[in-house]
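Below: one structure, written as structure tokens.
The values are calculated or read from the model by the stated rules, or taken from the named source; none is laboratory data. In this text the structure is predicted, and so the values were computed from the model without any measurement. Methodologically, a virtual Cβ is constructed for each residue, glycine included, from the backbone with ideal geometry; neighbour enumeration extends over all protein chains shown. Quick note on the areas: whole protein, heavy atoms, side chains included, nothing else; ligands and nucleic acids left out. Shrake-Rupley method; radii C 1.70, N 1.55, O 1.52, S 1.80 Å.
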Amino acid sequence: MNRKNRWFRAAAVFMAVFMTAALWRTEPVWAAADSAKGQADTPVGAHGALRVEGGSLVDSKGEKYQLYGMSTHGLAWFPQYVNQEAFQTLRDDWGTNCVRLALYTDEYNGYCSGGNQEELRKLVENGVSYATELGMYVVVDWHVLNDRDPNVHREEAVRFFDQMAEKWKDQDNVIYEICNEPNSGASWQGIKEYAGEVIPVIRRHDPDAVIIVGTPTWSQDIDQALASPLEFDNVMYALHFYAGTHTDWLRSRCEECIGKGLPIFVSEFGMCDASGNGANDFSQASQWLDLIRRYDISYLCWNLANKNEKSSVLKPECQKTGGWSAEDLSESGQWIRQRFREEN
Ligand code: IDC
């Protein structure tokens, strides 16, 4: 190679390196935060915007796609687990692709019952940012429980989802769950009216967002949704189970509804009983997760905290807020982490 050619080559290499570096600098923040993976390797990078097709959740290529991971406990009570290291551990060590942020509406210090709304919104926003930086999907859960009927705080829900959906309108990874568990007589008709008001508020900002709607009797009566579905696209219906309480009869209902094309999302489940405590029933839980795998249903486990209750996945004495090792996990935590890892 003569002198001139060598010079050209060196200049070309320099330019290529310079251009790459310049492009790199314009990458979103996650690129710097997440040195372990390139974006294409993250769940969102590989699967993009999700939608509902033929009763199933599908990815941007139209292939069936299953979300799975942990739900936080109440954000007001366990805010410390909303941090990037925690979510990264759930992604890289537990092998999960989704987290759920549980915002209680009406319990002690709930969003509509005396909680500091600004701080709670900040926690939700931070949670969404961490998930986004890590290329994970995130479910924003308006955790109706004590209020029984989502219409009790309908105005607040409209305001909340209006503000939140405006923020995330350009993101592919945010899923909205508009009422965790209507219960104690809250009717499907009433839930439909509530959904009919809240869904258009979200859709005004984010026309394609996937939205999960809770069903009567603590999100067990999916058959009522099947009999009278909502007239919106990209909607899924919540089915919740606790393996120590809900057994064959609810699995049969689940299979029947799936067979008829109802899009179901298990946005909360536990291996113990419905109190969140009581013994774990791993045999029932296995039967549930086998069914879930058979139909590619998405599923999120309750709960990421060290509360002294069976459903918490961390031991009560564990003070770490991320980077957990096997010894930090409760019986529930060890079991579900293993199951999640088998999904990959
Ligand atoms: C439970 C928590 C518990 C908390 C209680 C508040 O585990 O620490 O004191 O809520 O009412 C659900 C609910 C979920 C419950 C969980 C266990 O969605 O909020 O969490 N559960 O009872 N549905 C069925 C079970």
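Which condition from (1) in contact with a strand residue (DSSP E or B) (Cβ under 6 Å, 6 or more places away or on another chain); (2) surrounded by fewer than 24 Cβ atoms within 10 Å (Cβ to Cβ) is the one that Pro79 breaks?
Result: Pro79 fails condition (1) only.
Anything in region 62-79 that is in contact (Cβ under 8 Å) with a residue 12 or more places away in the chain and more than 15 Å from Tyr299 (Cα to Cα)? List them, or say none.
Passing the criteria: His73, Gly74, Leu75, Ala76, Trp77, Phe78, Pro79.
I'm trying to understand the selection: among the residues of region 180-194, which are free of Cβ contacts under 8 Å to residues at least 40 places away in the same chain and under 19 Å from the mean Cα position of the chain (by Cα)? Working first, answer last.
Step one: filter region 180-194 for residues free of Cβ contacts under 8 Å to residues at least 40 places away in the same chain, giving 182-187, 189, 192.
If the condition is that a residue be free of Cβ contacts under 8 Å to residues at least 40 places away in the same chain and under 19 Å from the mean Cα position of the chain (by Cα), then Pro182 is the only one that fits.
If Ala165 satisfies all but one of (1) of a type outside the set (Asp, Glu); (2) under 20 Å from Pro216 (Cα atoms); (3) open to solvent by less than 10 Å² (accessible area, probe 1.4 Å), what's the number of the condition it fails?
Of (1) of a type outside the set (Asp, Glu); (2) under 20 Å from Pro216 (Cα atoms); (3) open to solvent by less than 10 Å² (accessible area, probe 1.4 Å), only one is false for Ala165: (2).
Just one of Arg148, Arg203 is within 16 Å of the ligand (Cβ to nearest atom) and either without any contact (Cβ under 8 Å) to a residue 60 or more places away in the chain or within 18 Å of the chain's Cα centre (by Cα) (or both); which is it?
Just a single option satisfies the conditions, and that option is Arg148.
For Val128, which of the numbered conditions (1) open to solvent by less than 10 Å² (accessible area, probe 1.4 Å); (2) under 30 Å from Arg294 (Cα atoms); (3) among the aliphatic types (A, V, I, L, M); (4) touching a helix residue (DSSP H, G or I) at 6+ places or on another chain (Cβ under 7 Å) fails to hold?
For Val128, the exception is condition (4).
Would you please name the residue that is surrounded by the fewest Cβ atoms within 10 Å (Cβ to Cβ), looking only at residues in region 244-265 that are within 16 Å of the ligand (Cβ to nearest atom) and assigned to a loop (DSSP other than H, G, I, E, B)?
The qualifying residue surrounded by the fewest Cβ atoms within 10 Å (Cβ to Cβ) is Thr247.
Those residues that are in contact with a helix residue (DSSP H, G or I) (Cβ under 6 Å, 6 or more places away or on another chain) and either among the polar types (S, T, N, Q) or buried (at least 19 other Cβ atoms within 10 Å of the Cβ) (or both), I need them from region 150-161; list them, please.
Pro150, Asn151, Ala157, Phe161
Take Ser129 and tell me if it is among the hydroxyl-bearing types (Ser, Thr, Tyr) and within 16 Å of the ligand (Cβ to nearest atom).
Against the criterion (among the hydroxyl-bearing types (Ser, Thr, Tyr) and within 16 Å of the ligand (Cβ to nearest atom)), Ser129 does not qualify.
Have a look at Phe241, Phe232 and point out the one that is open to solvent by less than 50 Å² (accessible area, probe 1.4 Å) and either of a type in the set (Phe, Trp, Tyr) or without any contact (Cβ under 8 Å) to a residue 12 or more places away in the chain (or both). Lay out the reasoning, then the answer.
Values: Phe232 fails: open to solvent by less than 50 Å² (accessible area, probe 1.4 Å).
Result: Phe241 is the single residue among Phe241, Phe232 that is open to solvent by less than 50 Å² (accessible area, probe 1.4 Å) and either of a type in the set (Phe, Trp, Tyr) or without any contact (Cβ under 8 Å) to a residue 12 or more places away in the chain (or both).
Residues of region 71-85 being touching a Leu at 6+ places or on another chain (Cβ under 7 Å) and small (Gly, Ala, Ser), which ones?
Ser71, Ala76
Taking region 271-305, which residues are within 14 Å of the ligand (Cβ to nearest atom), touching a residue at least 40 places away in the same chain (Cβ under 8 Å) and either part of a loop (DSSP other than H, G, I, E, B) or open to solvent by 10 Å² or more (accessible area, probe 1.4 Å) (or both)?
Met271, Cys272, Ala274, Asn280, Trp302, Ala305
Search region 119-136 for residues that are under 14 Å from Ser71 (Cα atoms) and pair each with any residue that is among the basic types (Lys, Arg) and at pLDDT 95 or above when their beta-carbon atoms are under 6 Å apart and the residues are at least 6 apart or on different chains.
The qualifying pairs are Met136/Arg91.
From the list Ile199, Ile212, exactly one residue is part of a helix (DSSP H, G or I), modelled with pLDDT of 95 or more and open to solvent by less than 40 Å² (accessible area, probe 1.4 Å). Which is it?
Checking each option against the conditions leaves just Ile199.
So is Asp223 acidic (Asp, Glu), open to solvent by 20 Å² or more (accessible area, probe 1.4 Å) and touching a Gly at 6+ places or on another chain (Cβ under 8 Å) or not?
Working: acidic (Asp, Glu): yes; open to solvent by 20 Å² or more (accessible area, probe 1.4 Å): yes; touching a Gly at 6+ places or on another chain (Cβ under 8 Å): no.
When the stated conditions are applied, Asp223 does not pass them.
Would you mind stating whether Asp141 is within 23 Å of Leu57 (Cα to Cα), in contact (Cβ under 8 Å) with a residue 60 or more places away in the chain, among the acidic types (Asp, Glu) and open to solvent by less than 10 Å² (accessible area, probe 1.4 Å)?
When the stated conditions are applied, Asp141 passes them.
Just one of the numbered conditions (1) under 28 Å from Gln88 (Cβ atoms); (2) of a type in the set (S, T, N, Q); (3) within 16 Å of the ligand (Cβ to nearest atom) is not true of Gln171; which one?
The number of the failed condition is (3).
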